[in-house]
Amino acid sequence: MHFLPDHRLTQGLLPRRAPDPDEIEIEVAYGGICGTDLHLFHGAMDWRLKQFPHVMGHEISGRVARIGNKVTHVCRGDPVTVMPLHPVGDDPIRRAGLEHICESLKFLGIDLPGGFQSHWTVPAHTVFKVPKALSLRHAALIEPIAVACHDIRIGGVKAGDYVVVVGGGPIGALIACVAREAGAKVLVCEVNEDRVGLLRRLGFEVVNPQSLDPLEIVKERTQGTRADVVFEVSGHPAGIKSALHLARARGVVVVVGIFTTPPPVELFQVFWRELQIRGARVYEREDFDRAIALAASARLPLDQLITQEFPLEELEQGLRQMETGRGAMKILLRINP
């Protein structure tokens, strides 16, 4: 099933909702199209949607339009972004301090209405102020940068590590950038030649596993040791198979990609070389803080990663461009730029 937001929404004419005391209304400036939005477009996540038409979008930047009377951390006009995680109940995982993976978690843009609209009213705790010197165009990338910051933290990447990223799409590219910023040497495995070219222009060593064997290259670069940390971002069975072979003895494999169908996994590799497999899902508040600082530092190649922009009313064209994968890395929607 294919669906798009209501036509009134794409024109920014959906009736605005005044914020409750602990809410903030944002005039949305830019929104990034994510792979999750493409899954929603294809109808693959209908079971999580409460009503149709659904308003997607969670990679958002904008300005505070109105605030509830209990809000104190932002003022009207402040530039902001949104961490779109909203736990709504009490469960053991949340009590353990892991709100980002708790059972009661609601994700804005999936379980709740998202930000591909002119004005978006959200819980105040999800809103982060960003530096005024940071363009709102770049601020729309903070959410996926936070994903990369979380992945790097889960992987324990440190200066001098040799890191392999399996899958060079938007998240894989950002993981590579954040790993390099942490002082690691990075190799990216990617089959899309457009993305291979872009990543090479960003200064990364990139291998297309359909042409060359990544394992041979990793062994050569590490004198046979293999990689300290491998990030599986492709969500493809061949990706996780490759990741397990690329990691060194007692190395770390971080599973970032989403496997909708359980893949066969060579657990013998885990046993034989005492590998550690770690999952990494979304982010925590410290990752958002780190992402904001990195975006504002101008040390990440955000302009190069933004490959296309569309006005909100051309959301479908943006989604279809993302489907093709041709020349596309990060696609932005201009909403109230």
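Relative contact order for the stretch 25-155: what percent, with Cα pairs under 8 Å and sequence separation of 6 or more? Write down the numbers at each step before the final one.
Working: 225 pairs, mean separation 44.3, N = 131.
Reported as a whole number, the value is 34 percent.
Ranked from highest to lowest mean number of other Cβ atoms within 10 Å per residue, what is the order of the peptides 149-162, 83-96?
Details: 149-162: 19.9, 83-96: 15.2.
Top of the packing list down: 149-162, 83-96.
Could you rank Ile258, Ile110, Ile101 by how accessible they are, 1.4 Å probe, largest area first? Kindly include the intermediate steps, with their values, before the conclusion.
On the way: Ile258 130, Ile110 10, Ile101 60 Å².
Solvent-accessible surface, decreasing: Ile258, Ile101, Ile110.
Provide, in order from the shortest bin, the percent of all Cα-Cα pairs of the stretch 82-137 in each 5 Å bin, continuing until the bin that contains the maximum pair distance.
P(r) over the stretch 82-137, rounded to whole percents: 4, 17, 22, 21, 16, 10, 7, 2, 0.
Of the options Pro92, Leu134, Pro21, report the single residue whose Cα projects farthest towards the positive end of the charge dipole of the chain (beta-carbon charges: Lys, Arg +1; Asp, Glu -1).
Positive-end residue among those listed: Leu134.
Computed on alpha carbon atoms, what radius of gyration and Dmax characterise the stretch 158-201, expressed in Å?
9.9, 29
Please identify every one of the trypsin sites (Lys or Arg not before Pro) in the stretch 11-71 that sits in a loop by DSSP and has no more than 11 other beta carbons within 10 Å of its own beta carbon. Can you show the working numbers first?
Working: sites: Arg16, Arg17, Arg48, Lys50, Arg63, Arg66, Lys70; in loops: Arg16, Arg17, Lys50, Lys70.
Counting only loop positions with at most 11 other Cβ atoms within 10 Å, the trypsin sites (Lys or Arg not before Pro) in the stretch 11-71 are Lys50, Lys70.
With 10 Å bins from zero, work out the P(r) of the stretch 238-287 over every alpha carbon pair and list the percent per bin.
All Cα pairs, binned at 10 Å, distribute as 24, 51, 21, 4 percent.
Quick one: divide the alpha-carbon radius of gyration of the stretch 174-299 by 2.2 N^0.38 Å and tell me what you get.
Details: Rg = 15.1 Å, N = 126, 2.2 N^0.38 = 13.8 Å.
Taking the Cα Rg and dividing by 2.2 N^0.38 Å, one obtains 1.09.
Which of Gly167, Gly43, Gly35 moves the most in a Gaussian network model of the chain with Cα springs under 10 Å?
Ranking Gly167, Gly43, Gly35 by mean-square fluctuation puts Gly43 first.
Taking only DSSP H segments of four or more residues, each worth -39500 (n - 2.57), what value at 222 nm results for the chain once the sum is divided by all its residues, to the nearest 500 deg cm²/dmol? Mind showing how you got there, number by number?
Working: 13 runs with 106 residues, N = 337.
So the helix-based figure for the chain works out to -8500 deg cm²/dmol.
Taking the alpha-carbon distance from Lys185 and a cut-off under 19 Å, which aspartates and glutamates remain once sequence neighbours fewer than 8 residues away in the same chain are dropped?
Output for Lys185: Asp151, Asp161, Glu205, Asp213, Glu216, Glu220, Asp228, Glu232.
Suppose all protein chains stay in the model; what accessible area per residue would a 1.4 Å probe give for the stretch 35-168, in Å²?
Working: 5180 Å² over 134 residues.
Ligands and nucleic acids excluded, the figure is 39 Å² per residue.
About its Cα centre, how strong a charge dipole does the chain have in debye, to the nearest 20, once Lys and Arg get +1 and Asp and Glu get -1 at the Cβ? Kindly include the intermediate steps, with their values, before the conclusion.
On the way: 38 positive and 40 negative charges, 122 e Å.
Dipole of the chain, to the nearest 20 debye: 580 debye.
Please give me the summed charge of the neighbours of Leu202: other residues whose Cβ is under 14 Å from its Cβ, Lys and Arg +1, Asp and Glu -1.
Details: positive: Arg180, Arg195, Arg200, Arg201, Arg299, Lys330; negative: Glu181, Glu190, Asp194, Glu205, Asp303.
Here the count lands on +1.
Given bins 10 angstrom wide, list per bin the percent of all Cα-Cα distances in the stretch 23-123, short to long.
Final binned percentages: 16, 40, 35, 10.
What percentage of the solvent-accessible surface of the chain, computed with a 1.4 Å probe over protein heavy atoms, is contributed by carbon and sulfur atoms?
Numbers: 7800 of 14910 Å².
Carbon and sulfur atoms account for 52 percent of the accessible area of the chain.
Based on the alpha-carbon set only, what is the convex hull volume of the stretch 253-311 divided per residue, in Å³? If you can, show how the numbers build up before the last one.
Working: hull volume 11.2 nm³, N = 59.
Convex hull volume per residue, Cα atoms: 190 Å³.
Please work out the Cα convex hull volume for the chain and give it in Å³ per residue.
On the way: hull volume 45.5 nm³, N = 337.
With only Cα atoms used, the chain gives 135 Å³ per residue.
Tell me which lysines have Cα within less than 27 Å of Lys132's Cα, excluding those fewer than 8 residues away on the same chain?
Lys70, Lys330
How big is the antiparallel share of DSSP beta bridges in the chain, given as a percent to the nearest 5? Don't skip to the answer; put the middle values down first.
Numbers: 26 of 53 bridges.
Roughly 50 percent of the beta bridges in the chain run antiparallel, per DSSP.
Which order do peptides 75-81, 311-317 fall in by mean Cβ count within 10 Å, highest first?
On the way: 75-81: 18.1, 311-317: 16.6.
Ranking, from highest mean packing down: 75-81, 311-317.
Among all the lysines, which ones have a C-alpha under 19 Å from Lys50's C-alpha, if same-chain residues fewer than 8 places away are not counted?
Counting by Cα, and skipping residues close in sequence, Lys50 has these lysines nearby: Lys106.
What do you get for GluC sites (Glu not before Pro) in the stretch 52-109 restricted to DSSP loop and a cutoff of at most 12 other Cβ within 10 Å of the site's Cβ?
Working: sites: Glu59, Glu99, Glu103; in loops: Glu103.
Counting only loop positions with at most 12 other Cβ atoms within 10 Å, the GluC sites (Glu not before Pro) in the stretch 52-109 are Glu103.
The values are calculated or read from the model by the stated rules, or taken from the named source; none is laboratory data. What you see is a predicted model, and the numbers here were worked out from it, not measured in a lab. Cβ coordinates were reconstructed from backbone atoms using ideal geometry, including for glycine residues, and neighbour counts include every protein chain displayed. SASA here: full protein model, heavy atoms, side chains in, ligands and nucleic acids out. Shrake-Rupley method; radii C 1.70, N 1.55, O 1.52, S 1.80 Å.
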